[in-house]
Amino acid sequence: MKEEIRSQYEKWLEKAVADADVQAELRAIAADDAKIEDAFYRNLAFGTGGLRGVIGAGTNRMNVYTVAKASQGLSDYVNANFPETSRKIAVSYDSRIKSDLFAKVASGVFAANGIEVAIYTELMPTPCLSYAVRALHCAAGIMVTASHNPSKYNGYKVYGADGCQITTEAAEKILAEIEKLDIFEDVKMGDFDTLMAAGKISYIGEDVYTNFVEEVKKQSLLGKDDVIDRDVAIVYTPLNGTGLKPVTRTLKETGFTNITVVPEQEKPDGNFPTCPYPNPEIREAMALGMEYAAKCNADLLLATDPDCDRVGIAVKDKNGEYVLLSGNQTGCLLLDYVCSQRTKNGTMPQDAVMVKTIVTTDLGEQIAAHYGVRTINVLTGFKFIGEQIGYLEAKGKESSYIFGFEESYGYLSGSYVRDKDAVDGAFLICEMFAYYKTKGISLIDKLNELYANYGYCLNTLHSYEFDGAAGFDKMQNIMKAFRGDITAFGGKKITTCLDYAKGLDGLPKSDVLKFLLEDNCSVVVRPSGTEPKLKFYISVSAADEQAAGKLEAVIKNELETFLA
């Protein structure tokens, strides 16, 4: 083991005495060099997504010390870049292990640095944090969550004054402040209860939460003459996260009262005992909900992830079997519903805009064009969608934004927050479902109608791991090869190659390639920003599912030749 790692370990053993769990783990790994090395070989990475890591002892772990150090860096950034009257930070947290503790530790650091802190009285979803930042005119916000990761993880998302996750530029400045600090000597730790009693920390009022729910309810797209059957049978699972109260409240207040909540996944529980991967993108996470849907003969299954910014659904097919819809499929259904209802009701803005990420289905752009809606394509990450809303707002055209979505189950139909919102997504899905059901149309029927109008669209994602420094170098060489002289994939001619490494369309530079092929097909190649993986996103349009599957397989095989 390197001497500096052993030295770090010894320092923590001496000084990290405020948290009994950290001390116990440090002592437990005393004779295990491999575990010590893994815990201390680096500092937990801080980037545009903030912090995320395994909960435990060490510099490479989520614990009260790494959280406090990041909070000191954020405090120094806020104090250096915002006038005294604007130095306020909003705080929220989810159901994960130690989330409430980490939120209080961070709040104590902010307040000890002279920054006003507003924290929710109980766990709240990520979109509620985004809303509070803007509603309370904060300089920043933090959401303690690891989103949909397994239970051993926790994290810390940082938001800017605009309610979006921080930009690359802001993240670099905050990181520079963090890196100046000694984790034990330079962090101002404040006691939460003492600072609360002194008025330096305050609870976010119930009115902010209620106003958030009211903004979601305003997203209804029903016209004055639309009558729908709201007694549809809904099974809902918050996957032991934050969604229970805001989702059920919003649905009940809008007339959807026939709701069965999956009891094993109802209450907040950071151990996620029945869904080890609490991500509605994954079939296993939806399995228990589908069992309850079958038992209750439900019309619709809804599931939100732990911080309630993603929502997944299942609906019955013509045989009465429950079918999971992908994020792309649900997003296209919602986009079409938003556009068709606004057109019917005369509420479509003159310069209507839909925003999606470049890896999200190209079918979305076809649907938008049909209704005369302009599409803005952005880099992967919903913060870039939120950023576009901000640009429109700056031009006085905030109302032009009508919908945004990404393939990873994130949706937003209003500008009241600047991140994906599963409360809004769940409400819109229920309204859309009930609207069509009242007309005798299922969501599967509607999806098939979209395919009939625009061609069947198949979207797939393929990931390939490249571990270590050698793996990183190999990924760089593969990306270089893709930037070579390529004319077609799967017999489909490349019409345009978009290289985002050059900073296209005003977007930040990013190592991403998108090949537009003839016949509304496309391929995106990108290294993951958070894992040692290379990802291929394939979008294929064809006459039917079988033809699309065959073409997708040919394109996938051709792409994989670049990995050799």
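The values are calculated or read from the model by the stated rules, or taken from the named source; none is laboratory data. The shown structure was predicted, so the numbers you read here are calculated from the model rather than taken from an experiment. Glycine gets a Cβ as well: all are built from the backbone with ideal geometry, and neighbour counts include every protein chain shown. Please note that ligands, DNA and RNA were not included when accessible areas were found on the heavy atoms of the full protein model with its side chains. Shrake-Rupley method; radii C 1.70, N 1.55, O 1.52, S 1.80 Å.
Do any helices (runs of 4 or more DSSP H) entirely within the stretch 85-203 hold 2 or more residues that are touching a residue at least 40 places away in the same chain (Cβ under 8 Å), of a type in the set (Gly, Ala, Ser) and surrounded by 17 or more Cβ atoms within 10 Å (Cβ to Cβ), and if so, which?
Working: elements: 99-112, 126-135, 168-179, 192-197.
Once the helices (runs of 4 or more DSSP H) in the stretch 85-203 are filtered for at least 2 residues that are touching a residue at least 40 places away in the same chain (Cβ under 8 Å), of a type in the set (Gly, Ala, Ser) and surrounded by 17 or more Cβ atoms within 10 Å (Cβ to Cβ), what remains is 99-112, 126-135, 168-179.
Out of the stretch 23-48, which residues are over 12 Å from residue 70 (Cβ atoms), outside any helix (DSSP H, G or I) and of a type outside the set (D, E, K, R)?
Within the stretch 23-48, the first condition is being over 12 Å from residue 70 (Cβ atoms), and the residues that meet it are 23-42, 48.
Next, only the ones that are outside any helix (DSSP H, G or I) stay: 29-32, 41-42, 48.
Listed by number, the residues that qualify are 29, 30, 31, 41, 48.
Between a residue in the stretch 331-347 that is under 15 Å from residue 219 (Cβ atoms) and in contact (Cβ under 8 Å) with a residue 12 or more places away in the chain and any residue that is part of a helix (DSSP H, G or I) and of a type in the set (D, E, K, R), which pairs come within a Cβ distance under 9 Å, given they are 6 or more apart or on different chains?
337/431; 337/446
Can you name the residue in the stretch 391-424 that is open to solvent by 20 Å² or more (accessible area, probe 1.4 Å), farther than 16 Å from residue 134 by Cα and free of Cβ contacts under 8 Å to residues at least 60 places away in the same chain and is also nearest to the chain's Cα centre (by Cα) among such residues?
It comes out as 399.
Can you tell me which residues in the stretch 222-272 are open to solvent by 60 Å² or more (accessible area, probe 1.4 Å), among the basic types (Lys, Arg) and either closer than 30 Å to residue 155 by Cα or modelled with pLDDT of 95 or more (or both)?
Those that are open to solvent by 60 Å² or more (accessible area, probe 1.4 Å), among the basic types (Lys, Arg) and either closer than 30 Å to residue 155 by Cα or modelled with pLDDT of 95 or more (or both): 230, 245, 252, 267.
Can you find, within the stretch 180-221, the residue that is farthest from residue 61 (Cα to Cα) among those that are of a type in the set (Ser, Thr, Tyr) and either touching a Phe, Trp or Tyr at 6+ places or on another chain (Cβ under 9 Å) or modelled with pLDDT under 95 (or both)? Spell out how you get there, then give the answer.
The initial filter retains those residues of the stretch 180-221 that are of a type in the set (Ser, Thr, Tyr), namely 194, 202-203, 209-210, 220.
Okay, now just the ones that are also either touching a Phe, Trp or Tyr at 6+ places or on another chain (Cβ under 9 Å) or modelled with pLDDT under 95 (or both), so 203, 209, 220.
Working: 203: 28, 209: 32, 220: 42 Å.
So the residue we want is 220.
Return the pairs, sorted by first residue and then second, in which the second residue is open to solvent by 30 Å² or more (accessible area, probe 1.4 Å) and assigned to a strand (DSSP E or B), the first residue lies in the stretch 449-467 and is under 22 Å from residue 358 (Cβ atoms), the beta carbons are less than 8 Å apart, and the residues are 6+ apart or on different chains.
461/535; 462/535; 463/533; 463/535; 464/533; 464/535; 466/533
Output the number of residues of the stretch 343-390 satisfying the condition of being among the charged types (D, E, K, R), in a strand (DSSP E or B) and surrounded by 16 or more Cβ atoms within 10 Å (Cβ to Cβ). Step through it out loud before you land on a result.
Here is the first cut: in the stretch 343-390, the residues among the charged types (D, E, K, R) are 344, 351, 356, 362, 365, 374, 383, 387.
Filter again for in a strand (DSSP E or B), leaving 356, 374.
From the residues that got through so far, the ones that are surrounded by 16 or more Cβ atoms within 10 Å (Cβ to Cβ) too are 356.
The qualifying residues number 1.
Return a yes/no flag: does the stretch 178-192 have any residue that is more than 22 Å from residue 127 (Cβ to Cβ), under 25 Å from the mean Cα position of the chain (by Cα) and among the hydrophobic types (A, V, I, L, M, F, W, C).
First, pick out the residues of the stretch 178-192 that are more than 22 Å from residue 127 (Cβ to Cβ): 178-192.
If we keep only those that are under 25 Å from the mean Cα position of the chain (by Cα) too, we end up with 178.
Narrowing the set further to residues that are among the hydrophobic types (A, V, I, L, M, F, W, C) leaves 178.
Yes, some residue in the stretch 178-192 is more than 22 Å from residue 127 (Cβ to Cβ), under 25 Å from the mean Cα position of the chain (by Cα) and among the hydrophobic types (A, V, I, L, M, F, W, C).
Does residue 314 satisfy the criteria of being part of a loop (DSSP other than H, G, I, E, B), among the hydrophobic types (A, V, I, L, M, F, W, C) and under 23 Å from residue 232 (Cα atoms)? Spell out how you get there, then give the answer.
Values: part of a loop (DSSP other than H, G, I, E, B): no; among the hydrophobic types (A, V, I, L, M, F, W, C): yes; under 23 Å from residue 232 (Cα atoms): yes.
Taking the combined requirement at face value, the residue does not satisfy it.
Residue-wise test of (1) under 18 Å from residue 307 (Cβ atoms); (2) touching a Gly at 6+ places or on another chain (Cβ under 9 Å).
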position	(1), (2)
371	no, no
403	no, yes
411	yes, yes
418	yes, yes
427	yes, no
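Can you find, within the stretch 512-564, the residue that is least open to solvent (accessible area, probe 1.4 Å) among those that are charged (D, E, K, R) and part of a helix (DSSP H, G or I)? Reasoning before the result, please.
Pass one, the stretch 512-564, residues charged (D, E, K, R): 514, 518-519, 526, 531, 533, 535, 544-545, 550, 552, 556, 558, 560.
Of the ones still in play, those that are also part of a helix (DSSP H, G or I) are 545, 550, 552, 556, 558, 560.
Values: 545: 121, 550: 133, 552: 18, 556: 53, 558: 64, 560: 60 Å².
This residue is 552.
Kindly establish whether residue 340 is small (Gly, Ala, Ser) and within 19 Å of the chain's Cα centre (by Cα).
Working: small (Gly, Ala, Ser): yes; within 19 Å of the chain's Cα centre (by Cα): no.
For residue 340, the condition - small (Gly, Ala, Ser) and within 19 Å of the chain's Cα centre (by Cα) - is not met.
On the given criteria, is residue 298 surrounded by fewer than 23 Cβ atoms within 10 Å (Cβ to Cβ) and outside any strand (DSSP E or B)? Walk me through how you get there before you give the answer.
Details: surrounded by fewer than 23 Cβ atoms within 10 Å (Cβ to Cβ): no; outside any strand (DSSP E or B): yes.
Criteria not met by residue 298.
Which residues, taken from the stretch 425-462, are surrounded by fewer than 20 Cβ atoms within 10 Å (Cβ to Cβ) and acidic (Asp, Glu)?
445, 449
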